[in-house]
Amino acid sequence: MILSLLGTSLLLLSLFTVAGNETVIDVSFILEPGDTYGPYNNGTYHHTTVITKSTLTGIITVEGAGINFTANGYNTQHIKSIFVNESYRFVINPADDSYLFTFDNTRGSLQNSVRFTLEERWIDIVMLIPGLIGLLILVPGLILFVSSPKKQSEKESRIRVQNS
């Protein structure tokens, strides 16, 4: 029974901590005509969580004439000089290491209000280890727990037969 409880505890701990989703960037700014925002300005740089498998999802909302958006980093070849007029959503999967984001209004003649949100979904590979250990402890614990009362009742019936 103790093995079963220990295995279940480790398995549940792993399941609740193995995956996560958090907003890592949420920034708003004004881009004047001829301006560029980023890289390395507030909200234009992100380093993914270490020892995990990550997916980045970004949403850009622009009020004004539109801007150009570029993402630099691993697996961002599809996000170069994208013209964003109202809204743009992108996904980087898998995401790994550092990312730089640039918002460019150098070709525009109007002021733009920009909101940029970046979410990171991750799976912590290290936290899968306690889950695996918990599963390896849980299965034998359940087998011992289920088979233990049967052996006890068989012994009791043999004792009753011998005594009669």
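Throughout, read-outs are computed from the coordinates displayed, never taken from laboratory work. Predicted, not measured: the structure shown is a model, and the values here were computed from it. Here the Cβ positions follow ideal geometry from the backbone for every residue, glycine too, while neighbour counts run over all protein chains shown.
Assuming R0 = 22 Å, can you tell me the calculated FRET efficiency for the pair N41 and S113, based on Cβ-Cβ distance, to the nearest 0.05? Don't skip to the answer; put the middle values down first.
Values: r = 16 Å, r/R0 = 0.71.
Efficiency for this residue pair is about 0.90.
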Label 7 Å along Cα→Cβ of N85; segment 25-55 residues with amide nitrogen under 16 Å?
none
The simple spin-label model distance between V146 and D97, using points 7 Å out along Cα→Cβ, in nm, is 4.9 nm
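Using r as the Cβ-Cβ distance of A65 and D26, and R0 as 30 Å, what FRET efficiency do you calculate, to the nearest 0.05? Walk me through the intermediate numbers first.
On the way: r = 23 Å, r/R0 = 0.78.
Taking R0 as 30 Å, the efficiency between A65 and D26 is 0.80.
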